[in-house]
Structures are given as structure tokens and as C-alpha cells.
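Notes follow the structure.
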Amino acid sequence: MTATAPRFGTTLARLLLVAATLLGALLAGASPASAHAALTGSDPKDGAVVATAPKSVSLTFSEQVALGDDAIRVLDPSGKRVDTGELHDLCSGSVVKYAVGLHSGLPDGTYTVAWHLVSADSHPISGAFTFSIGAPSKTSVALPADPAGGGLVGALYGIARYLSYAGFVVLVGGAAFLLACWPRGAGVRPLQRLVVQGWVVLTAATLAMLLLRHPYTGSGNLGDAFDLGGLKTVLETKTGAALISRLLLLGAAALFVAVLFGAYTRREDEQEKKDLTFGLAIGGTVVAGGIAGTWALSEHASTGIQPGIAMPVDILHLLAVAAWLGGLTALLVALYRAPVPGIERAAVRRFSTVAFWSVVVLAATGLYQSWRQVGSWSALTGTAYGQLLLLKVALVAVLVGVAWFSRRWTARLAETAAPETADAGPEALDSAPDADTDSSGPDADADSTPDSESADDQQSADPERAAQLARQKAAMATARKKRVRDADPQRAGLRRSVLTEAAVAVVLLAVTTVLTSTEPGRTEEEAGRSQSTAAGSPAVPDRPVDIRLPFDTGGQDGKGTVRLSLDPGRSGANALHVFVERPNGRPLDVPELKVSFTLTAKEIGPLPAAPDRIATGHWSANGVQIPMPGEWLIQVTVRTSDIDQTTIEKTVKIG
């Protein structure tokens, strides 16, 4: 290769590093909703005001979750824990519900409920809400600034996830390329290095994820990565078991790589080589499927609807990605770094066929996964998961478009390797004497001079010098062959298109990694619907209810206005204030005033409230209970004399 040829290995490594760094930054800034499980309900509800202290606080989630110590905490207004720390499993059927007990005798005020746990698809989730006993109060509770799985630890874990996918793609796809498309390439050193590097990256990334798992799902402190107690806890989880299984399978993969680049390349007997190829193909498929299964068994495919179908489909999806993108990387290496004569046109065509069927499998499995994880057109455009999925589809479309150009270059690619029967190798051909300088003829004897004979004698007398000259001739011959090969415009066009494919594939892999850590659109929409159903009505602004109602009882001093205020204007306990004013705005005393609340949609009420007179024209009542949010009918009865009375009413939203 000439000195000006791009060093694709360095370029590709830089692309992978940049993509991994950007991925870490994206994951570090992810919101706590970037996970599969979602909080769908609680008792007491967020923002509720209850008259008496509850015995426990319960939380309902959209899927199974793993709870550790201090998974659910309840804090009083000063930040002191008031829960017993004893968790109760209230799950039944498809309902995932957990509760934590509270100490008795809690005073009035605003309490904070904070949770930190791990969803069934391995992603940590956290959050908090408040409720009040008696009446709201100020609270000084300080919650962690970073969400679960965020910060430096989250960024490092995200980078390790990306590198593990990249290592898997290169290891599996590179090995498949050598066995299925270019068996002679198993003896090419750059391709050997590529596959081994894929194994090293996948192994190192898996070890990093195993060490980072405890701080990633727990404290968020990087120093806890080497906490043996935390590591023991991780190994008891589904994700820990998957990572350990991956490491064991990588041991089998190391044996596969050793045979592929050892005994396989040394086999000369065609039948023996075919038998070994068959054995390696079967064993390699089993190991690759097992490694892919460690993702399917611990992430999105293992939760949600139809997990029995989703997990094998996810394995096929990962294997198709590896065969396509990993094979693409191996082809890039072969085109840029393989020694003369380089990769044959037949091998490129075989990979083109493999890539085509990989894309077919990828499209079929991806369509099923999209339906399973998104579920509706609104989720496709209205959720983060759906938007990322659209971006991934667009990148795949670009990749397929570039691959179409690669296929065109492949069809026009000139055969670079001469028939084996016609030469003994390019070096031998180029280092052979030219016909013009053949010294075997009679004229050569005549042209021979004593000086040339003396030089030949010196070379014969110095075998080291002769060997050096032979190496120089061989290097020059190889360089000439490379120049001839690289000057082929079809090969140059193929190299450029494949390099473009690889660059798009790096970005595609980054988007896929972010997608695997994002809450599926179907789950996000279902959680939203559950919360809306639990609320019973659309959300209303968090402000007191303040209404004015004119009245006329028909008697003397029978006209005026009632001004009613309900604070905070939410479900639970409220403070009620009623002011009766004359038409000129001055306070008006009346013999009797009654207030009632009716939720017509739920057939609740009328619920009477008996305010006490505290000043001229001012009545008040504390702890007025509103059981739930909704459209409440407020009725006020005003009596201005023994016989003059009227009832005025208005329907308002109470949140």
C-alpha cells in the first residue's frame, strides 16, 4: 500500500471512540424516565392532602422491579426518615405493587416519598413525590441531583455498553466473514488482529459493566466499583448472571478464535478443511447465539408482552446485525490492508449475498420489535423511544443505499488474483529477470566485463548482502503489485463506499445503544393512561379555588355576593373560607350559611361542610375533605331572615 493510503484502522478506531464518548454524554444527561419500568400509581397520590396519617405508602409500577435496601424512603419536612424500612410485596396478577410501613403518630406537614430501584430490563429508575397530612407545609428535603444511572458512573456504563455491542459485532461478524466469504483471509494478519481486538473489547467492556453495575444501580459513587459486597449483590441479580455467562462464553469464543487462526489456516487437505469449517461454523453459531442471548435474557426482550417470542427474535436480530456490520468491517480491512493479491471478487460477492439476507432478517425482526415496543402511531412520533426508532430506521435506509452502490462496484470489480496455475506468486513474478536482461544468451557473454564478474563474485562471497538485495527486490515487486491493484478504479470506488458504510454503521450502533436504555413507547403511553385513570380527571392548575356567587333571597338586605375560597384546591384536606358581602362590598352578617360539595360523575355527595363564623361576614372551616379530583358542584345556602333563603351553585374543577 502506498504511503498516502488512509490508515483505516486508526480512522475506524477514532470513529468508535468519538461515538462512545458522545454516547456517554447522552446517557449522562438522560432523565430518570429513560428506563422500561414506570410509576403508574401511588397511595397516597402525588400532591394529596389526607386528614390522618396513613399506616403505609404503596407504589404501583408498569413492570416487575428489583428492590434493594432503602428502595422506598419516606421523609418528613425536615428530611428525617419516618418509614419502618420494611417492604411489603402486594403484587397480584399483572399488578406490580410494593408498600413500606410508616411510624405511628406522624405530625401534620408535607412528606416526601423517594424511590430508587431496578426495572426488569436492568435499567435503574428513581423518582419522588409528596403528600401532606392535615395541611401542606414547607419541606427541606434534599434529593440527589443526578437521576438513577446518571452522572459519571452512568456515562462510563453507557460507554461500556456501546463498546460491548461494537466488540460483539466485530468478533462475530469478522469470524463469520472469514468462514463464509473468504476462508483464505483467516491467514491474513490484519484480519486476525481485527477479530482478536473484537474479542478483547467485548471482554474488557463486560468486565467493566460487571464492576460498574453496583454503583450504576445504587450509590452512583465510582469508588464502589470495587466493593466486594456490592459485587456479590450484583451476581445475585439477573443482569449479573447474564454478564458472568457472557464471560464464560467468551472463554469458549477464545478457543474458537485459536482454532480458526491456528489449525484451520494450517490445514492443506481440502476434505479436512471442509470438515473443520463445518465444525467451526456450528460451534461458532452456538457460541455467538449464546452471547447474543445474554442481552436478550436481561434487557427489553425479557419484559413486556410476548417475551417467549421476543427473546429468540432479539437473538436473531443481534446475529443479523453482527453478520452485516461486522462483515462490513472485515471487508474494509481486507480492501485496505490485505497483502497482494488482495481479496478476490468472488469473496466480495459472497459477502454481498450474506449482507442481503442479513438485512432481510434485520428488517423482519426489527418490524416485530418495533410493534412490540411502540404499539401505536402516536407513540412512534410522541415518545423518545419512537423518535429514536425513526432515526435508526433512517440510518438503516442510508446504509442500505450506500450498500447498493457497493454492490454496483462489486459487479464491476476486476479480478485481482491471477490463476494459480499461471504463477507461483506475485513476488516470484515481479522478482523474475526480465527478458531484456537475460544473461543466458551468447551476447550476454560477450557483454560481460571483468568489473561485472567481479561484482558477482563479491555478492557470491557475501551471502548476507545477497539476501538483503533479494529482500529489496521482493519489497519492490510487492510495491509494484500494490500500485497496480490500488490503481483499479473499481476497487478504489468499492473501498470508498465501504468506508462510508462503516462510518454510518458506527453512528447507527450508537443510536441503537441509546435505544436499548430508553423507555419503550408502549410502556410510556400505558403509564400515562394509568396515571390519568387514577387521577379520574384531567390535571388542573395547582392553585386555590376562588369563586364569586351573587345571591338574592328576596327580603330586606337580601342581595349580595358570596366569595368562597378552597385552599389548596386539591383532593384531600382543604381550608374553606366564605365571605358574604353587601352590593357595596361591605361585610354582611347572615343568620345561617351552609356549603356542600357534589361529584355528580361519581355520584358522590352532597358532602356538607359546616363553616364557623369567625368575624363579621367571614366563615371558615379547616380539614374540608375532597375525596378525589374531578368536576365538583359547590352549593352555598344563604339565609338572611327567618323566611328568606336561597341556594346558589357553581361547578368547578378541583385537582
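The values are calculated or read from the model by the stated rules, or taken from the named source; none is laboratory data. Because the structure is predicted, anything quoted here is derived from the model rather than measured. Backbone-built Cβ (ideal geometry, glycine too); neighbour counts: all protein chains shown. Heads up: the accessible areas ignore ligands, DNA and RNA and are worked out on the full protein's heavy atoms, side chains in. Shrake-Rupley method; radii C 1.70, N 1.55, O 1.52, S 1.80 Å.
Take the residues of segment 598-621 that are surrounded by 13 or more Cβ atoms within 10 Å (Cβ to Cβ), within 54 Å of the chain's Cα centre (by Cα) and under 16 Å from T637 (Cβ atoms): which is modelled with the lowest pLDDT?
Looking at residues that are surrounded by 13 or more Cβ atoms within 10 Å (Cβ to Cβ), within 54 Å of the chain's Cα centre (by Cα) and under 16 Å from T637 (Cβ atoms), I get G605.
Check L248, L255, L276 and return the single one that is under 22 Å from L191 (Cβ atoms), without any contact (Cβ under 8 Å) to a residue 40 or more places away in the chain, assigned to a helix (DSSP H, G or I) and open to solvent by 50 Å² or more (accessible area, probe 1.4 Å).
Working: L248 fails: under 22 Å from L191 (Cβ atoms); L276 fails: open to solvent by 50 Å² or more (accessible area, probe 1.4 Å).
Only one candidate passes the filter, namely L255.
Restricting attention to segment 570-580, does a residue exist that is touching a residue at least 40 places away in the same chain (Cβ under 8 Å) and of a type in the set (K, R)?
Yes - at least one qualifying residue is present in segment 570-580.
Which pairs have Cβ atoms under 9 Å, sit 6 or more apart or on different chains, and link a residue in segment 358-381 that is at positive phi to one that is of a type outside the set (G, A, S) and not in a helix (DSSP H, G or I)?
These pairs meet every condition: G375/I305; G375/P520.
Could you check, for segment 138-154, whether at least one of its residues is over 19 Å from A334 (Cα atoms), assigned to a helix (DSSP H, G or I), in contact with a helix residue (DSSP H, G or I) (Cβ under 7 Å, 6 or more places away or on another chain) and hydrophobic (A, V, I, L, M, F, W, C)? Outline the logic, then answer.
Pass one, segment 138-154, residues over 19 Å from A334 (Cα atoms): 138-154.
Narrowing further to those that are assigned to a helix (DSSP H, G or I): 151-154.
Filter again for in contact with a helix residue (DSSP H, G or I) (Cβ under 7 Å, 6 or more places away or on another chain), leaving 151-154.
Cutting the leftovers down to hydrophobic (A, V, I, L, M, F, W, C) gives us 152-153.
Checking segment 138-154: at least one residue is over 19 Å from A334 (Cα atoms), assigned to a helix (DSSP H, G or I), in contact with a helix residue (DSSP H, G or I) (Cβ under 7 Å, 6 or more places away or on another chain) and hydrophobic (A, V, I, L, M, F, W, C).
Mind telling me which of the residues Y111, Y165, Y98 ends up being assigned to a helix (DSSP H, G or I) and either hydroxyl-bearing (S, T, Y) or in contact with a Pro (Cβ under 7 Å, 6 or more places away or on another chain) (or both)? Steps first, please.
Details: Y111 fails: assigned to a helix (DSSP H, G or I); Y98 fails: assigned to a helix (DSSP H, G or I).
Within the list Y111, Y165, Y98, the selection yields Y165.
Let me spell it out: the conditions are (1) at pLDDT below 90; (2) more than 27 Å from G187 (Cα to Cα); (3) out of contact with any Gly (no Cβ under 6 Å at 6 or more places or on another chain); (4) open to solvent by 20 Å² or more (accessible area, probe 1.4 Å), and D314 meets all of them except one. Which number is the exception?
(1)
Give the residue that is least open to solvent (accessible area, probe 1.4 Å), with candidates limited to residues of segment 50-74 that are modelled with pLDDT under 90 and hydroxyl-bearing (S, T, Y).
Filtering first and then ranking leaves T60.
Within segment 301-309, identify whether any single residue is over 30 Å from L211 (Cβ atoms), open to solvent by less than 40 Å² (accessible area, probe 1.4 Å) and assigned to a helix (DSSP H, G or I), and answer yes or no.
Filtering segment 301-309 for residues over 30 Å from L211 (Cβ atoms) gives 305-306, 308-309.
With open to solvent by less than 40 Å² (accessible area, probe 1.4 Å) added as a condition, the list becomes none.
Scanning segment 301-309, I find no residue that is over 30 Å from L211 (Cβ atoms), open to solvent by less than 40 Å² (accessible area, probe 1.4 Å) and assigned to a helix (DSSP H, G or I), so the answer is no.
Of all residues in segment 538-582, which are surrounded by fewer than 16 Cβ atoms within 10 Å (Cβ to Cβ) and either modelled with pLDDT under 80 or not in a strand (DSSP E or B) (or both)?
P538, A539, P541, D542, R543, P544, G554, G555, Q556, D557, R582
Taking the residues in segment 195-227 that are of a type in the set (S, T, Y) and closer than 10 Å to S164 by Cα as candidates, determine which candidate is most open to solvent (accessible area, probe 1.4 Å).
Looking only at segment 195-227, we keep the residues that are of a type in the set (S, T, Y), and these are 203, 206, 216-217, 219.
When the remaining residues are screened for being closer than 10 Å to S164 by Cα, the result is 203, 206.
Numbers: T203: 24, T206: 0 Å².
Among them, the one singled out is T203.
Looking at segment 638-651, can you tell me whether even one residue there is open to solvent by less than 80 Å² (accessible area, probe 1.4 Å), under 23 Å from S132 (Cα atoms) and either out of contact with any Asp or Glu (no Cβ under 7 Å at 6 or more places or on another chain) or touching a residue at least 60 places away in the same chain (Cβ under 8 Å) (or both)?
no
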